[in-house]
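As structure tokens, the structure follows; a few thoughts come after it.
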Amino acid sequence: MSIQSFGYRDNVFCCNRTPLTDLAEKVGTPCYVYSGDAIVDNYRAYSRTLENLDHEIHYSVKANSTLGVLSLLTREGAGFDVVSGGELFRVISSGGDPKKVVFSGVGKTPSEIEYALKCGVKMFNCESEPEAHALALTAQKLNKRPDIGFRVNPDINAETHPYIATGMHEHKFGIPIREAEQIYKRFASNDHLNLVGVSCHIGSQIFDSGPFLETLDTITTLVERLKKIDIPISCLDLGGGLAVAYRDSETTPSIEKFLGQLTEKLRGENLHLILEPGRSIVGPAGVLLTRVLYRKRSDAKEFIIVDAAMNDLIRPSLYDSYHEIVPLIRSGRPKIIADIVGPICETGDFLARRREIEDSKPGEVLAVCTAGAYGFALASNYNARPRPPEVLVQNSNFKIIRERESYADLIRGESL
Ligand SMILES: *Cc1c(COP(=O)(O)O)cnc(C)c1O
């Protein structure tokens, strides 16, 4: 099974060989379960592959920003990539060092810039000239001179879902590659900014290293041109984006294989490499457990109504994405074709449509696989539903790293 750290033992679905049936009873459903061991393994696959290069791995916090997950990665020595002041606050709250944080994002607000400067983040990835000017102004006021890079839009098609492709000229991200040299020239001798880097991030869920290598060529060409005009670049940030397998039938290249050619190309270059993986570190390391509430048939159509919904996991509704869904206990009942839907009052509220699955009965628990990335991080309180708890499994112990929200949590900060 391609589903990392999760699989069946004696027809019971396990995490790190620990049956999840017990956990589902104790913690209740819906709930997210993460394998800490898988998260650490994935991180180590990156650091192993890059060990002969001058490099840093900055985990992309937006994929899963829960403190218990961040602190695991801090202990492994990871840096972080944040896209908001709130994410920076989360990193610091988890014990992370702001000096190992890269601040990316297309719309940093003045107060976020000030907060990040005061915290002393490692680098800002600027996405426009006006943003760099705003940063310079605040840096002057605070008497700082932060390291910056510009995020360059290389105009390369990452061949992924349109919502998660970011590296083409029609996307809002970065500065256009054609104007990059001129923009670097204008900021090279800025008194309040230290221009050290070039960054890019062409999209997410990328299966083929081709577009990645093409991006690397585009960027290194730019770095050489900048060198010729006395703008030395010491830091190359290639973003994240490695795909994970959401279907059992899908195969993704291993982290080692995907990065093999990249490390070959960079060997001997005098550049500090930054990668910002998110999904490939946490995605396969998590599942969402959900209990069947009702079975229902409408004409020929079968529905399995479960207690998790689009507010808990929005990826199927938002991107029409596929997640394997498996019963916690294999019953051996014949398979049916059913829509697996949540209680929210939206037709778009589904976890799977026309899915072949072992028939399930009310009370039984299902696991929605590969839900560790962009799962809880995108959860909301829509329909006034408390967000689910998150549980971390390490070795054979489990720990609740976020409590289930209560009704009181739902109205916190409100007044009549
Ligand atoms: C989202 C994002 C990433 C992480 O992408 P994954 O596909 O989760 O690896 C990295 N860098 C930036 C700037 C991002 O916006």
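Would you calculate, for the chain, the mean residue ellipticity at 222 nm contributed by helices, counting each DSSP H stretch of 4 or more residues as -39,500 (n - 2.57) and dividing by all residues, to the nearest 500? The partial results should precede the final answer.
Details: 12 runs with 116 residues, N = 416.
Mean residue ellipticity, 222 nm, calculated: -8000 deg cm²/dmol.
Suppose each label sits 7 Å from its Cα in the direction of the beta carbon; what would the Ser380-Lys335 distance come out to in nanometres?
Placing both labels 7 Å along Cα→Cβ, they lie 3.4 nm apart.
Under the rule a/c < 1.5 gives rounded, and otherwise a/b versus b/c splits prolate from oblate, where does segment 8-98 land using the Cα gyration tensor? Please report the intermediate quantities before stating the final value.
Working: a/c = 3.25, a/b = 1.54, b/c = 2.12.
Here segment 8-98 falls in the oblate category.
Could you give the length gained by full extension between Leu410 and Arg145, i.e. 0.36 nm per residue of separation minus their alpha carbon distance, to one decimal place?
Working: separation 265, 0.36 × 265 = 95.40 nm, distance 4.16 nm.
Difference between extended and current length: 91.2 nm.
Going Cα to Cα from Lys228, which lysines come in below 17 Å? Please leave out same-chain ones fewer than 8 positions away.
Lys185
Sequence neighbours fewer than 8 away in the same chain don't count; with that in mind, list the lysines whose C-alpha is under 21 Å from Lys99.
Within reach: Lys62, Lys108, Lys118, Lys122, Lys141, Lys144.
Write out the GluC sites (Glu not before Pro) in segment 346-416 meeting two conditions: DSSP loop, and at most 11 other Cβ atoms within 10 Å of their Cβ.
For GluC sites (Glu not before Pro) across segment 346-416 that sit outside H, G, I, E and B with at most 11 neighbouring Cβ atoms in 10 Å, the list reads Glu414.
Could you tell me the center-to-center distance, by alpha carbons, between segment 19-52 and segment 72-132 in angstrom?
Cα centres, segment 19-52 to segment 72-132: 25 Å.
About the Cα centre, and with charges only on the beta carbon of Lys, Arg (+1) and Asp, Glu (-1), how big is the dipole of the chain? Nearest 20 debye, please.
In debye, rounded to 20, the chain gives about 640.
Once you keep just the Cα pairs under 8 angstrom separated by 6 or more residues, what percentage relative contact order results for the chain? All intermediate terms of the calculation are to be shown ahead of the outcome.
Numbers: 918 pairs, mean separation 82.0, N = 416.
For the chain, the relative contact order is 20 percent.
Between Arg186 and Glu224, take the C-beta separation as r, use R0 = 22 Å, and let me know the FRET efficiency to the nearest 0.05.
On the way: r = 19 Å, r/R0 = 0.88.
Between Arg186 and Glu224 the formula returns 0.70.
Please identify every one of the trypsin sites (Lys or Arg not before Pro) in segment 66-149 that sits in a loop by DSSP and has no more than 16 other beta carbons within 10 Å of its own beta carbon. Let's see the in-between values first.
Details: sites: Arg75, Arg90, Lys99, Lys100, Lys108, Lys118, Lys122, Lys141, Lys144; in loops: Lys108, Lys122, Lys144.
Passing sites in segment 66-149 are Lys144.
Where in segment 327-344 is the amide nitrogen less than 14 Å from a point lying 7 Å along the Cα-to-Cβ axis of Asp299?
Within reach of a label on Asp299: no residues.
What FRET efficiency comes out for the pair Lys99/Leu318, r = Cβ-Cβ distance, R0 = 35 Å, nearest 0.05?
Details: r = 34 Å, r/R0 = 0.98.
Efficiency at R0 = 35 Å is approximately 0.50.
Please give the length that would be gained between Thr347 and Asp22 if that part of the chain were fully extended, namely 0.36 nm times their separation in residues minus their C-alpha to C-alpha distance (nm, one decimal).
Values: separation 325, 0.36 × 325 = 117.00 nm, distance 3.25 nm.
Separation in residues times 0.36 nm, less the Cα-Cα distance, equals 113.8 nm.
Express in whole angstrom the spacing between the alpha-carbon centres of segment 245-314 and segment 325-342.
20 Å
Every read-out reported here was derived from the displayed coordinates using simple, explicitly stated rules and does not represent laboratory data. Quantities reported herein were computed from a predicted structural model and do not represent experimental measurements. Reconstructed Cβ throughout: ideal geometry from the backbone, glycine too, with neighbour counts over all protein chains shown.
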